[in-house]
Structure formats: structure tokens, C-alpha cells
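To start, the structure under review is shown below, and the notes come after it.
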Amino acid sequence: MPRFSEALQGPFLQQLSERLGSQFWDGRGGPRGWHSADLRALPAYRPAAVHHGLHDVVWSIEQPIAAQGWKLHVDSLLRLVCQRGILVLAIRRNFFITVPALKSFLFRKFGYSVQLLFEEESAGGHWLLAFEVLRVNLAEQRDESWTFSMLTRGDRQEDVRAFCQSIRREDKHSQIVVVGPRTPLLDSYDVQFLDRDYGQYAAIAKKKNDVVEVATGQNILFAHDRYILNRGFLSGFSTYGYDFEYVTTKQFYSSGKHYPALCAIDDLRELILGRVYDTQNDKEFWQTPYLNGGFFAVKKHVIEKHPLNPMLFHHQAEDVEFARHVASVGILPLLNPYSSAVTNAPETSTEPFSQAFRSDFYRTIEQYYPSTSARAKGIDMIIERLHRARFEENATWPRLFAIVVREIYRWLPP
């Protein structure tokens, strides 16, 4: 990939670099006077909230985007762009990312209108592209107002009260909606009840859609009646930033043990039975990710356009189906690591989950490209592992050499 000065030899990109306004550089070697941060070294590629929606031109060309989790990376870069700005990317074509895949993701992405301005191919499968980006819902994305909701059948009133207490400890004024029977236990928490007849079935998706109808906040939290917010929940969102569409937080059992929040399922994208996973790598993107439906937040303007499927009842994967649908319009399930919640669910409830660090994408490559894919995948993995070691772990050169040797033996077939 050409260096920055070489990449700007063309008149179009040269003019962009001299453009008035705020410029952001993704990497460590940006021009003097520009804002910069290496998104690869940040959790889930997520930039600091102060930069969201701020910059006129965003550059990510110091290293070509080539990692398996490229959608997460590009999603974060888009959030840096102001109301109308420009995104300049360098990519390296491989088993994970291609130019058609990138253009499809950008063109179909909800909340954005993206047009191609510049495209150039260089040796080695490298591409340099520039896009004009219009952020259609930037005002809603910046909105910090909340509606907190809890679904209950009425048999866990103390748990519902604990949830309301945990909210009012943080926020005295935001709307609280309880979908379930009225109870005097909540009189002091300024609660709005949705006590409707939902028939004999647990119409869990319809209940959540009904919350959307009455919600006054732009950020709608859905919780089942086994959760409370941990202290610092809202300050954690201030740190994370409100530029999201579909997000959850860290979740824990009452004992402090980790509870699956960002999950995935081996269902061949067909909503059939399959192994479920507690995903452990915030830099990779699964083919079938979803957020645990017991606790997640979504923007009101998003779920109004893309509601949950009201025909799905409890234990009919309404959370998986919703995640699958919004993914088709480029909305990724995200996790805010700065906020958390606690569930009093029994610890046996997540025994079916397997913890997984590597995405299911690799199994797909191995299935369809059993010979050549291992070598290509191995090279990509070595590059990414070296980058983490060098910039996140500050590894020494002997340590980097040892990593290369180990990864070669691990990934390349004989």
C-alpha cells in the first residue's frame, strides 16, 4: 500500500487533504494538526465519544483494512463523520473483505446515504476509495433521552421494584414503562404501566413493540424482570457515546460471573436449532450475531422502522430474528463495555452457551476452501496478531518473532 504522501499524488485526494474543516486520521502517523487515533488499538474499534459526528474528512489508509471484523471497523469510521462528510479508505482484498462487500455494506446501511467519489486499484489487491457520506439521523443518534422498560407477568414484583430503584438511583426523571399488572410497590418511582391483555401466549415481541409506541425517550432499554442496572450505567453510556443503533452492555450473574450478552448461533442463517455462543472477541464479526433479548437498547427511530416480529412468542428467538433483520440493513449488534447490569437468573440458564474467541466465519472458509483458505487465513491471522502484539501489548522484537513462528505452525497446513 502506498504511503500517505504517495496516496495523495492524485489531484482529488490532494485537494481533500487541504480541505478546510476537521480531518481525522485512523492510525499513528497522521499529518500534524489532524485529529488521530488508532482504532485497531481500541475496544471493538470504537473511537472516543467526543469524536462522534464531528469530522469533515475521515482517513483510514495508514494500514489497509483487511481484518475479519472489517464491518465493525468501518462502522466506527462512519460514526466519526459529521452531518455531510467524506470517508477515505484503503482495503486489501482477501477472504474477508472485497470491494463489492464494502460497497454493499455502505449503500444498504440504515441512517446513511453513501456515494462513491473515487476509486483506484494498486498492486497486491489493494484499493483506495473515497465516499461522500450523509448522516440522515444524526440528531436522533446524538439524543441522550431514555425510556427504561421492563416486561413482567406480575409474579416478581420485588425484582421489578429493584429494577426501578436502580434506575432512579441514576436518573430521577426518565420514563419508566412496566409491561405488566399495576402494583402499589412502584408508586414512588413514577412508573407508566402497560397492563394489556396479550392472550394466552407470551407475546414478548408485541410487548416490546408496544413500549415503542409510548416511549418518550430516543434510547429504549428493554429488560426482562430479572435485571437491575449497576451503578454508573448512564455515565458509562456518556463514555461510550450515544451514536449507536442496537446495543447491550456487560452483564453479570449476582455472583459476579459473566453472563452472555453479545451472542451468536449456528443456525445456517435459517432460524433453525443450532449451537449458541458467548462471543469473546470484540474485533471479529460473526455471521449470525445477536444480542441477548433479555437486556438490550435500541434507538426509537430504528425500531419504529424495523420493529420486532409480533408473531414471535417467548422462546421463539425474537431476539435472533430481529438481529438477523437489522443486519440486512447494516445495523450491527454492539456492546458497551463501560456500563453493566446484573441478572438474578440461575447460573444454569446459560449452560448451553459455548465460549468462542474465533468467529464462525473461519469454519465457512474451511468448508468451501479447504486447501488454499488455510494459507490465506493464516497469513491474515499472523498480520492481525502481530499488530495487536506490537501496538496493544508493546511486544519486543524477539517476542514478535516468536509469535510469527507460533502462528505459522498453527495456521499453515503442511
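Throughout, read-outs are computed from the coordinates displayed, never taken from laboratory work. The structure displayed is predicted, hence computed values, not measured ones. Reconstructed Cβ throughout: ideal geometry from the backbone, glycine too, with neighbour counts over all protein chains shown.
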Stick to the Cα atoms of segment 1-127, pair each with every other, and give me the Kirkwood hydrodynamic radius in Å at one decimal. 14.9
Most exposed to least, judged by fewest other Cβ atoms within 10 Å, Met311, Met150 sort to Met311, Met150
Which whole-Hz ³J(HN,Hα) couplings does segment 274-288 yield from phi under the Karplus relation 6.51 cos²θ - 1.76 cosθ + 1.60, θ = phi - 60°, glycine and proline marked x? x, 5, 9, 10, 9, 6, 10, 10, 7, 9, 10, 10, 7, 6, 10
Nearest 10 degrees, 0 to 90: what angle lies between the long axis of helix 372-391 and the longest principal axis of the chain (Cα atoms)? 80
Links exceeding 19 Å between C-alpha atoms in this model, out of Lys207/Lys299; Lys103/Lys283; Lys250/Lys305; Lys257/Lys283; Lys207/Lys300, come to Lys103/Lys283; Lys250/Lys305; Lys257/Lys283
Inter-label distance, nm, simple model (7 Å from Cα along the C-beta direction), Gln15/His314: 6.2
Amide H neighbours of Thr249 under 5 Å, counting only residues 5+ apart in sequence or on other chains, H built in-plane at 1.01 Å? Asn336
Percent of Cα-Cα distances greater than 40 Å, calculated over the chain: 21
Is it possible to state the helix-based mean residue ellipticity at 222 nm for the chain, with each DSSP H run of 4+ residues giving -39500 (n - 2.57), the sum divided by total residues, to the nearest 500 deg cm²/dmol? What is it? -9000 deg cm²/dmol
Using the Karplus equation 6.51 cos²θ - 1.76 cosθ + 1.60 (θ = phi - 60°), what ³J(HN,Hα) coupling, rounded to whole Hz, does each residue of segment 105-122 give in order, writing x for Gly and Pro? 4, 6, 5, 8, 5, 4, x, 9, 10, 10, 10, 6, 10, 7, 8, 8, 9, 10
So who's got an amide H within less than 5 Å of the one on His35, skipping anything under 5 residues away but keeping other chains? H placed 1.01 Å off N, in plane. Gln23, Trp25
Contact order normalised by length for the chain, with contacts defined as Cα pairs under 8 Å and 6 or more residues apart; what percent is it? 15
Hz values of 3J(HN,Hα) by residue in segment 335-351 - Karplus curve (6.51, -1.76, 1.60), Gly and Pro given as x: 10, 8, x, 9, 10, 7, 9, 10, 10, 9, 4, x, 5, 6, 5, 10, 4
Of the peptides 243-253, 193-203, 100-110, how do they stack up when ordered by the mean number of other Cβ atoms within 10 Å, highest first? 243-253, 100-110, 193-203
